[in-house]
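Each reported figure results from applying straightforward, stated rules to the coordinates on display, with no laboratory input. On a predicted model such as this, the values are computed, not experimentally measured, just so you know. FYI the Cβ positions are ideal-geometry reconstructions off the backbone, even for glycines, and counts take in every protein chain you see.
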Amino acid sequence: MNENDTFLDPSFQPLDDMENNLRPSLLKDFQGQQELKDNLGIFIAAARERQESLDHIFLNGPPGLGKTTLASIVAHEMHAELRITSAPALEKPKDLAGLLTSLTPGSVFFIDEIHRLRPALEEMLYVAMEDFQIDWVIGQGPAARTLRVPVPPFTLVGATTKAGMVSSPLYSRFGINLRLDLYPPEEIQLIIQRSSHILDISLDEQASQKLSRCSRGTPRVANRLLRRMRDFAQVLGDGSITQDLVEQGLTRLGIDEQGLEEQDRRILRTIIEFYQGGPVGAETLAISIGESTDTLEDFYEPYLIQKGFLQRTPRGRMVTSLAYGHLGVELDHKSIAPNREQQGDLFP
Ligand code: ADP
C-alpha cells in the first residue's frame, strides 16, 4: 500500500495505539454483531459457571473489525490474563514453547494471523491445545529424547483474515468458530457515537450518519476518520463536527460519498480500461495497481464487493454496472459482470 493511500488502511498503525481507550473491554460495549455477541456471551457464562477455561476460539474476518478487541473482552470477562502475539513473530519452536509454558492458568492466548504459523510450530500448538502439554525434543540423532512439558490450561484465540489458508488439523481443534463481517452503517454509527463520547467530541446526528457510510464497514477506519474530522473541526471550524464539515473533510481526504478512496477507484478503472471490465486474476490485478495480492484481497476487495462494485467469479475479478455508473464511465454491455440472478457459483 502506498504511503499516501494508507489513511483508510484498516491494518493497525502506531497512532491507533493512542486510542486504546476506545477499545471496549466488556461484551456489552462491543457494538453490533449481535448474533456473535449473544453466542459468545452464552459460552463465556457457561465456562464461568463450570469454572473452566473457555474452549479455543477461531476468529475469522477482514482487518480492523474487532478480532483483537474480542480476545481482550474474553480475557476481561473471564477475569483472565491476555497474552498477545502474531504468527509471523514466532520464528522457532522455542518462541512458542516459551510463551505457552509461561502462561498463567486460564489465560487467553491470542495469536493473530494464525494462517502464517510455521508447520513445526503448528504441530506443537495442536498438542498444547488438546492435551495442555508440549513435546520438547532434547538432543539430536539416536540420542534424542522427547520430554513432555506441561502447559497451563488456556484459551487460544486464533485470528485470521484468510480462513482458507488455515490447515484443517489446526482448524479442527477450535471449539468455537466466529466470523466477523463488515459492519452495516447503523452499527458503525453506534461505534462512532460511542467513540465521540469517550473522546468528548461534539458530533451531530447527520455528521455521524455520513461518516458511518464512508468508513468501509470497519470500526478501525471509523475511529480514524472521526479523529481526522476532529482535527478539521478544530482548525477549520468551531470544534464541532457537522455534516458540512464532514463533507469538506472527506473531500480533502479524497474519499467519495460511497466511502471509496482513490485506490479503490483506480482498481475499478484498471479493470475497465485494461481488462475490458474483467475477468482478471487477483495477482495480475494486484501488479497492475502496485499492491500486494494480500492487500488487494483483504482490504480493498471486501468493501468493493459489499458495495456491489466488484465480483469475484471463478474466472477472476469483474466490475459490475454499478461501478461504471459510479465512475461515470460509459457501459460496454459485453464486458460487465452478470446480475446476481444470472451469475453462477462465486468463490466465497
Ligand atoms: P482487528 O484485530 O480485527 O484488526 P481490532 O480489534 O484491533 O481489530 O479493532 C480495531 C479498533 O476498532 C479497536 O481499537 C476498537 O476500538 C474498535 N472496534 C472494533 N470493533 C468494535 C466494536 N464492535 N465496537 C466498538 N469498537 C470496536
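Some points to look at:
- Taking each residue as 0.36 nm, the span from Ser102 to Glu330 lengthens on full extension beyond its C-alpha to C-alpha distance by 75.9 nm.
- ³J(HN,Hα) computed for each position of segment 305-310 - Karplus, 6.51 cos²θ - 1.76 cosθ + 1.60, integer Hz, glycine/proline x: 6, 4, 6, x, 8, 9
- Long-range amide H partners of Val151 with built H, under 5 Å: Gln133, Ile134
- Karplus (6.51, -1.76, 1.60) ³J(HN,Hα), θ = phi - 60°, over segment 226-241, in Hz, Gly and Pro reported as x: 4, 5, 5, 5, 4, 4, 4, 5, 5, 8, 9, x, 9, x, 8, 8
- Taken about its Cα centre, the chain carries a charge dipole of about 620 debye when Lys and Arg each add +1 at the Cβ and Asp and Glu each add -1 at the Cβ.
- Cα-Cα P(r), the chain, percent of pairs per 20 Å interval: 27, 51, 20, 1
- Cα→Cβ-extended label distance, 7 Å offset, between Ala45 and Glu205, nm: 3.3
- Rotationally averaged projected area of segment 32-179 (alpha carbon convex hull; nm²): 8.9
- With both residues required to sit in the chain, DSSP beta bridges show an antiparallel share near 40%.
- Amide H within-cut-off set for Ser86, under 5 Å, with H built and near neighbours excluded: Asp112
- Each pair of Cα atoms in segment 162-316 enters the Kirkwood radius, and Stokes-Einstein at 10 °C and 1.306 mPa s then converts it into a translational diffusion coefficient of 91 µm²/s.
- Residues whose amide H lies under 5 Å from that of Ile241, counting only those 5 or more places away or on a different chain, are Ser202, Leu203, Asp204; hydrogens are built 1.01 Å from N in the peptide plane.
- Diffusion coefficient, µm² s⁻¹, Stokes-Einstein with Kirkwood Rh over alpha-carbon pairs of segment 185-253 at 37 °C and 0.692 mPa s: 289
- Across segment 111-166, Cα-Cα pairs more than 18 Å apart make up 44 percent of the total.
- Span from the segment 80-133 Cα centroid across to the segment 37-79 one, whole angstrom: 17
- Helix-only arithmetic for the chain: the sum of -39500 (n - 2.57) across DSSP H runs with n ≥ 4, divided by the residue total, places the mean residue ellipticity at 222 nm at -12000 deg cm²/dmol.
- Distance between segment 150-178 and segment 182-233 - C-alpha centres, whole angstrom: 32
- Net lengthening on full extension, Leu322/Val127 (0.36 nm per residue, minus Cα-Cα): 65.3 nm
- Contour excess over end-to-end distance, with Cα ends at Glu52 and Arg228 and 0.36 nm allotted per residue: 59.0 nm
- Pair Ala143, Asn177: separation of 7 Å Cα→Cβ label points (nm): 4.6
- The loop-placed GluC sites (Glu not before Pro) in segment 48-107, going by DSSP, that have at most 14 neighbouring Cβ atoms within 10 Å of their Cβ come out as Glu52, Glu81, Glu91.
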